[in-house]
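What follows draws every value from the coordinates through simple rules; no lab data is involved. These figures come from a predicted structure and were not determined experimentally. Heads up, the Cβs are rebuilt from the backbone with ideal geometry, glycines too, and the neighbour counts pull from every protein chain shown.
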Ligand SMILES: Cc1cc2nc3c(=O)[nH]c(=O)nc-3n(C[C@H](O)[C@H](O)[C@H](O)COP(=O)(O)OP(=O)(O)OC[C@H]3O[C@@H](n4cnc5c(N)ncnc54)[C@H](O)[C@@H]3O)c2cc1C
């Protein structure tokens, strides 16, 4: 693919940069920020327009990259609307019907409705086909009643809706008999969200308990019993656009670690200097690799290779950050507050959060299995 930023893209970049410069540091209210992004047309740039438009602005692939890069460069707030915009929307565009697209996409584009992803369960993580949450059709009004427990549900405490992978066929096994349901979160007594506190002290993910939660029949996506196909389609929607933006964020983090190393004198240590240089070189390699695969025909192992590379890279950066920080990185909080059990500096936060990078979005072992089976054609793992 010929990947180049032309004059139109550069004009688009100026517009994006100006807008972000004006707005990105304003509001600390992340919900208000979503609505502002939506009101000014910055959500849903990449949505496929085959079936229509949903209030989102069209943008070429290179413009989507430009926007994502500028967003990361501006250090704009972490998105609350990411799951709706980048996971739900492409899924509805591919597997939903017109009514579902018309109902759900405009409020996502306006930044008004937030989503979370209800896949993982205590007994179903890497082995997602082990899902046990049930959805039983009410013979009276045709609605589904969802009962079961999800876990590690990012942003469930903020979300208005959850897309839930649930078993709709009694006694079905593994990936058969599952359905993909859109479930409203505001159902007191039927949907309960319990925060899980992470190593960093934050609670960005949750346990979610469904106890007869109602999902309307027309909010089942892709047909009853077709949930596995839809759920896998969703996992495959991840593309190079967000990877490139993520790399800009990584570059900013690396830059902070380098500046810390210069300040503390750690940069004079040849071993640490070598490791910092390696991080820099590897980041460049990841960028060229992402540009190479962007928009072009992807080999089936490309997303897994990319995940393995960035997950490991970011984890090593976290380890390097605390090495650069020195012995002080092992020390506890400087300030204690009632709502925050401990306060971390940047290096500590990076180190602790990046422990999760090799788990979410498919663990390293699972990525290696995918590469082994689908790319190298090695014998399939026995799954009992
Ligand atoms: C920060 C974060 C956010 C998340 N957000 C969400 C969310 O919004 N929604 C959601 O549904 N889930 C979410 N998850 C869950 C995530 O998808 C799971 O943690 C992940 O799929 C792994 O599942 P598990 O935790 O059950 O671990 P397990 O599957 O129990 O794995 C435990 C260990 O065994 C290894 N292992 C498992 N199977 C194999 C195998 N076949 N071969 C070799 N090794 C294997 C794994 O690699 C891992 O090291 C999130 C997780 C994290 C960390």
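Quick look at the values:
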| read-out | value |
| --- | --- |
| Separation of the residue 263 and residue 368 label points, Cα + 7 Å toward Cβ, nm | 3.7 |
| Value of [θ]222 nm, deg cm²/dmol, for the chain, DSSP H segments ≥ 4, -39500 (n - 2.57) each, nearest 500 | -13000 deg cm²/dmol |
| Rounded to 10°, Cα long-axis angle of helix 302-325 versus longest principal axis of the chain | 50 |
| Mean projected area in nm² (Cα convex hull; one quarter of hull surface) for segment 202-333 | 12.4 |
| R0 of 56 Å, Cβ-Cβ distance residue 145-residue 277: FRET efficiency to nearest 0.05 | 0.45 |
| Projected label distance in nm at residue 31 and residue 328, using a 7 Å step from Cα toward the beta-carbon | 3.8 |
| Full-extension gain in nm, residue 217 to residue 187, via 0.36 nm per residue minus C-alpha separation | 9.1 nm |
| Cβ-based exposure ranking for 182, 376, 317, in which fewest neighbours within 10 Å come first | 376, 182, 317 |
| Tilt relative to the chain, helix 30-39 - C-alpha long axis, 0 to 90 degrees, to 10 | 80 |
| Neighbour-count order for 242, 179, 304, 172, fewest beta carbons within 10 angstrom listed first | 172, 242, 304, 179 |
| Tensor-based shape of segment 7-109 (alpha-carbon gyration tensor, a/c under 1.5 rounded, otherwise prolate or oblate) | oblate |
| Residue order, fewest to most beta carbons within 10 Å, for 220, 352 | 352, 220 |
| Principal-axis tilt of helix 240-264 within the chain, Cα atoms, nearest 10 degrees | 30 |
| Stretchable slack from residue 39 to residue 138, in nm (0.36 nm times residue separation minus alpha-carbon distance) | 31.8 nm |
| Per-selection Kirkwood Rh - segment 126-264 (Cα, Å, 1 d.p.) | 17.2 |
| Contour excess over end-to-end distance, with Cα ends at residue 15 and residue 284 and 0.36 nm allotted per residue | 94.2 nm |
| For segment 68-114: rounded, prolate or oblate by the Cα gyration tensor [a/c cutoff 1.5] | prolate |
